[in-house]
1. Is it fair to say G79 is within 16 Å of ligand 2 (Cβ to nearest atom) and either among the acidic types (D, E) or surrounded by 23 or more Cβ atoms within 10 Å (Cβ to Cβ) (or both)?
2. Residues T35, T65: which one is within 16 Å of ligand 2 (Cβ to nearest atom) and either modelled with pLDDT under 95 or under 19 Å from S111 (Cβ atoms) (or both)?
3. Are any residues in segment 147-159 closer than 14 Å to K251 by Cα, open to solvent by 30 Å² or more (accessible area, probe 1.4 Å) and under 19 Å from the mean Cα position of the chain (by Cα), and if so, which ones?
4. From T78, T65, which residue is under 30 Å from T5 (Cβ atoms), in contact with a helix residue (DSSP H, G or I) (Cβ under 6 Å, 6 or more places away or on another chain) and away from ligand 1 (no atom under 14 Å from the Cβ)?
5. For L252, all conditions in the list (1) open to solvent by less than 70 Å² (accessible area, probe 1.4 Å); (2) in contact with a strand residue (DSSP E or B) (Cβ under 7 Å, 6 or more places away or on another chain); (3) within 20 Å of N84 (Cβ to Cβ) hold save one; what is the number of the exception?
6. In segment 269-293, which residues are farther than 30 Å from K106 by Cα, open to solvent by 60 Å² or more (accessible area, probe 1.4 Å) and hydrophobic (A, V, I, L, M, F, W, C)?
7. Can you tell me which residues in segment 175-208 are more than 16 Å from the chain's Cα centre (by Cα), within 15 Å of ligand 1 (Cβ to nearest atom) and either part of a loop (DSSP other than H, G, I, E, B) or without any contact (Cβ under 8 Å) to a residue 60 or more places away in the chain (or both)?
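The values are calculated or read from the model by the stated rules, or taken from the named source; none is laboratory data. Predicted model, so just to flag it, every value in this text is computed and none were measured. Neighbour counts are summed over all protein chains in view; Cβ atoms, including those assigned to glycine, are modelled from backbone coordinates with ideal geometry. Ligands, DNA and RNA are excluded from the accessible area calculation, which covers all protein heavy atoms including side chains. Shrake-Rupley method; radii C 1.70, N 1.55, O 1.52, S 1.80 Å.
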Amino acid sequence: MKQQTIQPSELIITPEGKIYHLDLAPSQLATTIITVGDPGRVEKVSKYFDTIECTAQHREFKTHTGTYKGKRISVISTGIGPDNIDIVFNELDALVNIDFEKRQVKKELTSLNIIRIGTSGGLTPEIEVDSFLISELGIGLDNVMHYYDKTDKIFNRDFAQSFIDHTQWNPDNSVPYAVEADKSLLKKLTSEKTIHGITITNVGFYGPQGRVLRAKLKDENLNEKLASFRYKKKKITNLEMETATMYGMAKLLGHRAISMNAIVANRASGTFSENASKTIDALIQYTLSKIIA
Ligand code: R1P
Ligand code: URA
């Protein structure tokens, strides 16, 4: 059967042969990728590289590709939020799995290893500020994944239903979904320096994470409901804005993803790290050392 070609309006390639938002050519991407939210964090990772072979920046998407102790790695900033994860994951996948000349999906697909190094807020008192938390499961309160087909095998429906029942989830909000981390990366990145947790991914930092500055919330008890939720004795540990969407998109497209969180805030005690930059740097060094181990 003849393969369909993907139209220029759907797969946008610049005159320089680069994918539209990331501004990268296929040859510029490594198969091990570190994602960070903050474009300023890209250098904080690549400063540990032996060499940097290419750099790119378009909007909030900044990339450095190089080697760390001989291993080729790309570090890319995603900016903030699940909507950007849709862009980044589709474009990363296109860079390895679509032939840009023919505009057709390749016969042999490549699976990427994608590792987020991000910041996050601990939900309950025991999730200490400055700790390293690996998300073993993400609960997505965003709606990106709901636009895609074939999510049945990706979502843990029983987990999500139990979450919906416990929180008496407002049906006007997007339907929560639950997705597990890639098991092989979870094992590889784990040590006595890390804790495992269940991460809430939401679409905002303030209201959607239960923060009140001046605007009042519809459900003032949301974070308490999150903290009292249990699924097979497991608790929700932290809140951020990319993990569940990354896990969903990675599974949908046949890649492996893991989310490493530097806990910079504790919502129960109302504290924020006094050493956030130091903690993020330590998590970067830890993650790099585990990638090559
Ligand atoms: C909010 O301050 C941002 O910080 C967290 C959240 O997920 C959100 O992107 O991650 P990063 O530090 O990687 O950006
Ligand atoms: N990032 C978030 O999204 N939430 C926090 O509380 C801290 C970092």
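1. So G79 fails the test.
2. Working: T65 fails: within 16 Å of ligand 2 (Cβ to nearest atom).
When all the criteria are applied, what remains is T35.
3. Start the filter on segment 147-159 by keeping residues that are closer than 14 Å to K251 by Cα, which leaves 148-156.
Now restrict to residues that are open to solvent by 30 Å² or more (accessible area, probe 1.4 Å): 148-150, 152-153, 156.
Of everything in segment 147-159, those that are closer than 14 Å to K251 by Cα, open to solvent by 30 Å² or more (accessible area, probe 1.4 Å) and under 19 Å from the mean Cα position of the chain (by Cα) turn out to be Y148, N156.
4. Values: T78 fails: away from ligand 1 (no atom under 14 Å from the Cβ).
That would be T65, the only listed residue that is under 30 Å from T5 (Cβ atoms), in contact with a helix residue (DSSP H, G or I) (Cβ under 6 Å, 6 or more places away or on another chain) and away from ligand 1 (no atom under 14 Å from the Cβ).
5. (2)
6. Within segment 269-293, F272, A293 qualify.
7. Restricting attention to segment 175-208, the residues satisfying the condition of being more than 16 Å from the chain's Cα centre (by Cα) are 175-176, 184, 187-188, 190-195, 206-208.
If we keep only those that are within 15 Å of ligand 1 (Cβ to nearest atom) as well, we get 206-208.
Selection gives Y206, G207.
One line per residue, one yes/no per condition, for (1) at pLDDT below 95; (2) more than 13 Å from ligand 2 (Cβ to nearest atom); (3) over 28 Å from I33 (Cα atoms):
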site	(1), (2), (3)
H196	no, yes, no
L213	no, yes, yes
F229	no, yes, yes
L239	no, no, no
Y247	no, yes, no
A250	no, yes, no
L253	no, yes, no
